[in-house]
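Take a look at the structure set out below.
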Amino acid sequence: MSTLFKIPELGDGDITGVVVAIPLNIGDTVRCGDSLLEVETEKAVLEIPAEIDGVVEAFMVNLEQEVKQGEDFIRIKPLANAAASEQVETERTEAAQETTLAPIETAEPPVSKTNDTTATRHTISNIDTQQTIAITPQTSHKQCLPAGPATRRLARELGVDLSAITNSGHRGRIDKATVKAFAKQALSQQQTTVNIGAPQATPLPDLSAFGPLTQQPMTGIQKATSRNMCHAAARIPHAWLQRRIDITQLEEGRQQHKAQLKNEGCALTLTALLSKIIGLACARHPIFNSSLDEQNEEIIYREQINIGIAVDTPRGLLVPVINDISSMSVKDIAGSITQLSEKARAGKLQPVDMKGGSITLSNLGGLGASGVFPIINWPEVAILGVGAGEWVPTYVGGDISQAPEPRLIMPLTLAFDHRVINGADGARFLDTIAELCENPFLVMVG
């Protein structure tokens, strides 16, 4: 008895994704936990693992196909059943070889019902000519439209719903020219309609006159980041405050203990230390751990402090979240950041890894940035940008009668929602950050 599996939850709401990898062929044996499919959503590339041991019998999806939660995508024969089937077939073969009667006329083998694209993609080698492999036809909850993969990909890039196209090309097949014409017509209609409150896309001038061009579609993650940043920049009245703080003692302590934590499998980075410090500062200043409910005109204070860590990945910016940071030690935080960063760069983050953030840390000091002016990650009300530290001759304690000492000075930029937080609140928050960085012992005692 075979088992049919469906696409699991891809995120909040009716989230769709695009199949970007199918690492298996029909007939392959899989173990529980093996990757069956990779689906790219607007937030991450999600790996869908096998839930049982078994043999792949059929795929109901193709590369570049859009999928959503609840759709059938694979049929697997449990390993015990597959082994039993192989044993029966072996016994039949052995019995046939031992038969001394006259040859029996062999009936014509049943015709395999195959999906053309599936059969082309999944190649099975060394199959006996008298065997037939039945592949379940591709099923979908959407209408099967006469359009090739390249046309479907173009439609996704242009945001065109193929089911809305009534006129088609040769023999009713939708081609690229039809999709482009439909998109052009839709764009011209949009330009005649004023959409209040939503920024309109401005077409580029003709850049080809100034040299060769190369076009590269944005990834789903880049598109999502673009929309989110536009929304945050347009809706949130940003205010920024800067401060340079002395992290000499903090860095000395980090250098002293980082080798020990490295042996335990995690990196004691400045980001880990700052995450703990931000958690303590939010506990002192709860307004920074809040969200603004615009509809009801209320400020929602959050009891649990969850810090998002901005991570640069080949697919774009991702912000995994460390939940309930107040209950964690610096070592725990360092371990979580190491694991989440590795998952983010490998494209293995799950939607749950990026939910629930209440304030974000963006540390670009390692890339040499001397100043960072970040955009708030809505619905949060603040984000802390960190630049590169540098050694600066400093009069310690403001005593100019003594020779200046070299101190490691780090620039911070706090961006905050000015509807919720005023300048004095921001200055006090940065003062707490500076106090904890300059006196690391306070971090241990909370």
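Would you call Lys223 modelled with pLDDT under 85, open to solvent by less than 100 Å² (accessible area, probe 1.4 Å) and of a type in the set (Lys, Arg)?
yes
Pull out all pairs, ordered by first then second residue, where Cβ-Cβ is under 9 Å, the residues are six or more apart or on different chains, the first lies in the range 280-302 and is at positive phi, and the second is in a helix (DSSP H, G or I).
Listed pairs, sorted by first residue: none to list.
Residues being part of a loop (DSSP other than H, G, I, E, B), within 15 Å of Val61 (Cβ to Cβ) and of a type in the set (Ser, Thr, Tyr): count how many of those fall in the range 1-50.
1
Of everything in the range 262-309 that's assigned to a helix (DSSP H, G or I) and modelled with pLDDT under 90, which residue is surrounded by the most Cβ atoms within 10 Å (Cβ to Cβ)?
Lys262
Could you go through the range 335-348 and let me know if any residue there is within 28 Å of Asn263 (Cβ to Cβ) and in contact with a Pro (Cβ under 6 Å, 6 or more places away or on another chain).
Yes, because at least one residue in the range 335-348 is within 28 Å of Asn263 (Cβ to Cβ) and in contact with a Pro (Cβ under 6 Å, 6 or more places away or on another chain).
Residues to consider are Asp332, Asp353; find the one that is part of a helix (DSSP H, G or I), of a type in the set (Asp, Glu) and without any contact (Cβ under 8 Å) to a residue 24 or more places away in the chain.
Only one candidate qualifies: Asp332.
Condition first: open to solvent by less than 80 Å² (accessible area, probe 1.4 Å), under 31 Å from the mean Cα position of the chain (by Cα), at pLDDT below 70 and among the aliphatic types (A, V, I, L, M). Can you find one or more residues in the range 190-203 that meet it?
Filtering the range 190-203 down to residues open to solvent by less than 80 Å² (accessible area, probe 1.4 Å) leaves 198.
Checking which are under 31 Å from the mean Cα position of the chain (by Cα) leaves us with 198.
Subset that is at pLDDT below 70: 198.
In the following step, the residues that additionally are among the aliphatic types (A, V, I, L, M) were identified as 198.
Yes, the range 190-203 contains a residue that is open to solvent by less than 80 Å² (accessible area, probe 1.4 Å), under 31 Å from the mean Cα position of the chain (by Cα), at pLDDT below 70 and among the aliphatic types (A, V, I, L, M).
How many residues are under 29 Å from Ile333 (Cα atoms) and either assigned to a helix (DSSP H, G or I) or more than 31 Å from the chain's Cα centre (by Cα) (or both) when one looks only at the range 227-261?
Number satisfying all stated conditions: 22.
Having 3 or more residues that are touching a helix residue (DSSP H, G or I) at 6+ places or on another chain (Cβ under 9 Å) and touching a residue at least 40 places away in the same chain (Cβ under 8 Å) is the bar; report the strands (runs of 3 or more DSSP E) wholly within the range 359-426 that clear it. So that I can check it myself, show each step before the final result.
Details: elements: 359-363, 382-386, 390-394, 405-417.
The strands (runs of 3 or more DSSP E) meeting that bar are 359-363, 382-386, 405-417.
Please go through the range 331-357 and pick out each residue that is open to solvent by 50 Å² or more (accessible area, probe 1.4 Å) and among the β-branched types (Val, Ile, Thr).
Residues of the range 331-357 open to solvent by 50 Å² or more (accessible area, probe 1.4 Å): 331-332, 339, 342-343, 345-346, 348, 350, 352, 355.
The one that is open to solvent by 50 Å² or more (accessible area, probe 1.4 Å) and among the β-branched types (Val, Ile, Thr): Val352.
Going by what's in this entry, would Gly385 be described as under 25 Å from the mean Cα position of the chain (by Cα), open to solvent by less than 10 Å² (accessible area, probe 1.4 Å) and on the phi > 0 side of the Ramachandran plot? Lay out the reasoning, then the answer.
Details: under 25 Å from the mean Cα position of the chain (by Cα): yes; open to solvent by less than 10 Å² (accessible area, probe 1.4 Å): yes; on the phi > 0 side of the Ramachandran plot: no.
Against the criterion (under 25 Å from the mean Cα position of the chain (by Cα), open to solvent by less than 10 Å² (accessible area, probe 1.4 Å) and on the phi > 0 side of the Ramachandran plot), Gly385 does not qualify.
Can you give me the number of residues within the range 1-17 that are under 20 Å from the mean Cα position of the chain (by Cα) and open to solvent by 30 Å² or more (accessible area, probe 1.4 Å)?
Looking only at that region, the number is 7.
One line per residue, one yes/no per condition, for (1) under 18 Å from the mean Cα position of the chain (by Cα); (2) within 19 Å of Ile278 (Cα to Cα); (3) of a type outside the set (Gly, Ala, Ser):
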{"residue": "Gly347", "(1), (2), (3)": "yes, no, no"}
{"residue": "Leu364", "(1), (2), (3)": "no, yes, yes"}
{"residue": "Ser370", "(1), (2), (3)": "no, no, no"}
{"residue": "Gly397", "(1), (2), (3)": "no, no, no"}
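The values are calculated or read from the model by the stated rules, or taken from the named source; none is laboratory data. These numbers were taken from a predicted model, which means no experiment stands behind them. Glycine also receives a Cβ, built like all others from the backbone with ideal geometry; neighbour counts cover every protein chain displayed. Protein only, heavy atoms only, side chains kept; ligands, DNA and RNA dropped before computing areas. Shrake-Rupley method; radii C 1.70, N 1.55, O 1.52, S 1.80 Å.
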